[in-house]
Every structure is written in C-alpha cells, then in structure tokens.
Amino acid sequence: MEARAELKFIRISPRKVGIVLDLIRNKKCDEALAVLRHTPKSASEPLRKLLTSAMANAENNHSMDLSECYVSECHCGPGVTMKRIRAKDHGRAHRIFKRTSNVVLVVKEAEEAN
C-alpha cells in the first residue's frame, strides 16, 4: 500500500530540489520531517508541506499506520521554464531562464521482517 502527493510548478530549479530530496529518501516519515525542518535550503519548506500531505493521504485515504511509514520514492523533474530578458550593455539583451520543478513523493508502510 502506498500514498503519494505531487507538487507541480514549484519555483525552484530541479537541481536544487534534488539535493534536498536525497536527504530524505528511504527515511521514516518522522525523521524526514525533522531533517526538512532543520535544513537551511529554500526547497525544504515546500517539501515539508508535501511530505505532510503525503502522510495525511496515507492516514486518511489508505488507513496506514504513520509510525511504520517511510519515504519510499521521491523524485523531481523539470516543469515549465519561464523565459525572461535582462538588459545588457550596448542595447543587447540576454535570456534569463526561471526554472520550475515537478516533485512526486511516495510514502509506503514498512513490511515486517519474518
């Protein structure tokens, strides 16, 4: 049984979000929340909200025990890229790419070892 939550078009580049996702992958939900709460990265606040949403989905929709849940899968891909122009010297213009991310976070219940 698994519960998932998605976050689309977050205004942080996928590379920066992936660094924070690597910190919480395969960790228990309580431990992952603590890591996100104390990580000084801009992506940690939206990911904390996403993990809280996935945990609520697991508890309410699938009746899973949150003390046994862990982050089984989390990945990030590029979303749309907003293209802007910055004025440069001698009347030239350079492109600025404002990247967005789509994040998927999956929470599973740990299976007991026999």
- In whole Å, what is the distance between the alpha-carbon centres of the stretch 47-65 and the stretch 67-114? 20
- Item | Furthest towards positive pole of dipole, A54, A5, A93, structure part the stretch 2-109, Cβ charges | A93
- Message: I want to verify the translational diffusion coefficient of the chain in µm²/s; compute it with Stokes-Einstein, Rh as the Kirkwood radius over Cα pairs, at 37 °C and 0.692 mPa s.
- Response: 215
- Task: Would you work out the charge dipole size for the stretch 2-109 about its Cα centre, treating the Cβ of every Lys and Arg as +1 and the Cβ of every Asp and Glu as -1, and quote it to the nearest 20 debye?
- Result: 1260
- Task: Arrange the peptides 76-86, 34-44 so that the one whose residues have, on average, the most other Cβ atoms within 10 Å appears first.
- Result: 34-44, 76-86
- Query: Considering only the other residues whose Cβ falls under 11 Å of the Cβ of R84, what net charge follows from Lys and Arg at +1 and Asp and Glu at -1?
  - Reply: +4
- Item | Net charge of Cβ neighbours under 11 Å - reference N57; Lys, Arg +1; Asp, Glu -1 | -2
- Note on the structure: Expected unfolding gain across R92-K49 under the 0.36 nm per residue rule, minus the alpha-carbon gap, is 11.3 nm
- Query: Hey, can you rank 59-66, 11-18 by average C-beta count inside 10 Å, highest first?
  - Reply: 11-18, 59-66
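Every read-out reported here was derived from the displayed coordinates using simple, explicitly stated rules and does not represent laboratory data. Since the model is a prediction, treat every value here as computed from it, not as a measurement. Virtual Cβ from ideal backbone geometry, glycine too; neighbours counted across all protein chains shown.
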